[in-house]
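The values are calculated or read from the model by the stated rules, or taken from the named source; none is laboratory data. Quick caveat, the model's predicted, so the values are computed rather than measured. We place every Cβ from the backbone using ideal geometry, glycine too, and count neighbours over all the protein chains shown. The area values use the complete protein model at the heavy-atom level, side chains included, leaving out ligands, DNA and RNA. Shrake-Rupley method; radii C 1.70, N 1.55, O 1.52, S 1.80 Å.
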Amino acid sequence: MEHPSLDLVAFVETNVLPRYAAFDAAHNLSHVTGVIRRSLGLVRTTGADINMVYVIAAYHDLGLSGPRAIHHLTGGRILAADARLKRWFSPEQIRVMSEAVEDHRASASHSPRSIYGKIVAEADRELEPSTVFTRIILYGLDHYPEMDKEGHWHRFVEHLDNKYSAHGYIKLWIRGSENERNLMLVRKLAADPKRLRLLFDELYGRLVEKVPRHTDT
């Protein structure tokens, strides 16, 4: 398998990835490295430039340093403004990469403008069921520390329906992918309330002790 440029990897690992340590448990270093891995796995089937794919994946959530609702737009601006990337990429490539970061959000109102946006949007979907459920709970624990367990359960069910159901806002852009198969599994589990509650109880009990509880806003 082809690999990104070694000096580009060194730059990203030193200057970009450490910034994820400041984000919530659902968008930390483990998340971004997973997005990078899945993005690189789509390079061969799409014919995309591997260095561009790598950088887009690495920068895709840096906009979480600002308001979450516009983090995709903020992230695109962060990438576009990083003059250090001119060492490896042309202005046109940087524009395409910036747009791809802007287009990665699951709730975006438009289709990604390039294959690069489709790759990062697809790779950002961690749709293995236990990963989906864990991320929903972690986000709730981190952002709503005042909620009790039942509050988190109702939020969990509501989020599953709003995002992952057949009428949810999540969109997949590469047909026949592993994500497509996993999404079907998520929907199957969500349609079985008793089993879903058992899975929630098990994960919640395991995660609640691991997430620092804070009350600042």
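Under a point-charge model restricted to the Cβ atoms of Lys and Arg (+1) and Asp and Glu (-1), what is the dipole moment magnitude of the chain relative to its Cα centre, in debye to the nearest 20?
360
Per residue, how much accessible area does region 13-170 have with a 1.4 Å probe, in Å²?
44
Starting from the Cα of Lys210, draw a straight line to each of the lysines and keep only those under 23 Å, dropping any in the same chain fewer than 8 residues away.
Of all the lysines, those that pass the test against Lys210 - Cα under 23 Å, at least 8 places apart if same chain - are Lys149.
What spacing in nm lies between the two simple spin-label points modelled at Arg175 and Glu209, each 7 Å away from Cα in the Cβ direction?
4.8
Step through the residues of region 61-72 one at a time and calculate ³J(HN,Hα) from phi using the Karplus curve (6.51 cos²θ - 1.76 cosθ + 1.60, θ = phi - 60°), rounding each to whole Hz and writing x for Gly and Pro.
With the stated coefficients, region 61-72 comes to 10, 4, x, 5, 5, x, x, 4, 4, 10, 5, 5 Hz.
Determine the distance separating the Cα centre of region 167-187 from the Cα centre of region 20-63; give it in Å without decimals.
Cα centres, region 167-187 to region 20-63: 18 Å.
For Ala166 and Ser30 in the same chain, what is the full-extension length gain: residue separation times 0.36 nm, less their Cα-Cα distance, in nm?
Residue separation times 0.36 nm, minus the Cα-Cα distance, leaves 46.2 nm.
Could you run the Karplus curve 6.51 cos²θ - 1.76 cosθ + 1.60 with θ = phi - 60° over region 139-150 and give me ³J(HN,Hα) per residue in whole Hz, x for Gly and Pro?
4, x, 4, 6, 9, 10, x, 7, 6, 8, 4, 5
Using square roots of five times the C-alpha gyration tensor eigenvalues, list the equivalent-ellipsoid semi-axes of the chain in whole Å, biggest first.
Working from the Cα gyration tensor, I get semi-axes of 31, 20, 15 Å.
List the lysines whose alpha-carbon lies under 26 Å from that of Lys118, not counting same-chain residues fewer than 8 positions away?
Lys86, Lys163, Lys171, Lys188
Once every DSSP H run of n ≥ 4 in the chain is given -39500 (n - 2.57) and the sum is divided by its residues, what mean residue ellipticity at 222 nm do you get, rounded to the nearest 500 deg cm²/dmol?
-17000 deg cm²/dmol
Please compute P(r) over all alpha-carbon pairs of region 107-195, binned at 10 Å starting from zero, and give each bin as a whole-number percent.
Result, from short to long distances: 15, 45, 30, 9, 0 percent.
Under the Karplus relation 6.51 cos²θ - 1.76 cosθ + 1.60, θ = phi - 60°, what is the ordered set of whole-Hz ³J(HN,Hα) values for region 10-19, x standing for Gly and Pro?
Taking θ as phi minus 60°, the curve returns 4, 4, 5, 5, 8, 10, 10, 4, x, 5 Hz for region 10-19.
For a quick protection proxy, order the peptides 112-121, 21-30, 146-155 by their average other-Cβ count within 10 Å, most packed first.
Averaged packing, sorted descending, gives the order 112-121, 21-30, 146-155.
Measure off, as a whole percent, the carbon and sulfur share of the 1.4 Å-probe accessible area of region 108-178, all protein chains present.
49
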